[in-house]
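Working notes, structure below.
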Amino acid sequence: MKKHYRKENDCLNCGTTLQGKFCYNCGQENLEIKESFGHMMSHTISDYFHFDDQFFHTLKPLFFKPGFLTTEYLAGRRARYLHPVKMYIFISLVYFIVLFQTGHNPVKVNHVIPAKSTDVQLLIDSIEKDPDIPAFAKNEAISELKKGNQKNGKIIITDDDANSSKYFLSPKSNDTSYNAYLSAQQKLPEDKQDDIFLQLYNKKAFAYKAEYGERTKEVIVEQFKHNIPKMMFLMLPLCALILMITFWNNKKYYVEYLIYSFHLHCFLFLFLTIIMVLEWIYPASWKGVTSWLNLFATITTIWYIYRSLKVVYQRSTWRTITKLTGASFMYMIGFTLCVGLAFLITALTA
């Protein structure tokens, strides 16, 4: 698309004398100040397709050349590829949107039908034939129907009473309010009073009970979902630190391990997004497909990480495998601790 450049050769942003269309000092393009709506939109679209072009140039090596993007970036060949941080933000946004909108969310089914296998089968058949129900929803609904609760000669299919938030985060006290609890604690001898942590827990539990009631679990889980992307972003520096410890003899700077961490998580998020979408759209009649997809995803992920580590850090096959095993173990410990910490922070601040 044609751009309108100024005839003057001074940078309007910093005053540097220009030797081309871009300022070598601050990077600003020497465009005309006064431009029509059409020119402005053309410029915007051009910038968008520049991002689009970079993104698609980056996708091929990201998927089919493990470790290539990291080595290219560290070698200084960066212009044609999307910046790893910018790519991570975009891909992780897509990943978490898909994650929270597909079969990983609970399916609510509420039916009361006679406890006869033929009636259950009729309902199952009707769900399987319904084109408007996604595959993952059909699978979960049918599973619930098959293990329905027997009550008074009827099968009750509900949201699963065992997972009800009614008993979630209950106060560790028989008092009806936090004020009543504090009053009761003050009447006790000091050595009989609850410790500071239990008092803080009861304070939060009574607050949840008063504000949300039986919706407590739903509120906390929903808030926790919103905190997962933040937690994963914080996992990136931890992943880089684990790699730095694992490949200490490579004598690389920390930021170099961080770049690899960004590229690796970009691949994982994009790859898992594709797997989730496939699980979402395939017909419910294709039994066993989910298991095969999960097996394929596991094998592909392990191979990709192994291959990318071998390319970036130049170790032998055996050393790469041992390093991968150790780094994976440390990562899983860190990930588990971060999940627990994120959930605790969510429960205390939601």
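No value in this document is a laboratory result; all are computed from the given coordinates. Values in this document were obtained by computation on a predicted structure and should not be read as measured data. Ideal geometry is used to build each Cβ from the backbone, glycine not excepted, and the neighbour counts take in all protein chains shown.
The calculated FRET efficiency for the pair residue 238 and residue 349, based on their C-beta separation and a Förster distance of 30 Å, comes to about 0.90. By the beta-carbon count within 10 Å of each Cβ, the least crowded to most crowded order of 231, 276, fewest first, is 231, 276.
Cross-link check: pairs 251/310; 60/310; 21/65; 86/230; 287/310; 225/323 evaluated at a Cα-Cα cut-off of 26 Å; pairs beyond the cut-off: 21/65; 287/310; 225/323. Can you give the net charge of the other residues whose Cβ lies under 9 Å from the Cβ of residue 250, counting K and R as +1 and D and E as -1? With Lys, Arg at +1 and Asp, Glu at -1, the neighbours total +2. Taking other C-beta atoms within 10 Å as the exposure proxy, 126, 170 rank 126, 170 from fewest upward. Counted by Cβ distance under 14 Å from residue 342, the other residues give a net charge of +1, where Lys and Arg count +1 and Asp and Glu count -1.
Placing R0 at 25 angstrom, the Cβ-Cβ distance between residue 207 and residue 331 gives a FRET efficiency of 0.10 after rounding to 0.05. Compared with the alpha-carbon gap, the fully stretched path from residue 184 to residue 89 is longer by 29.2 nm at 0.36 nm per residue.
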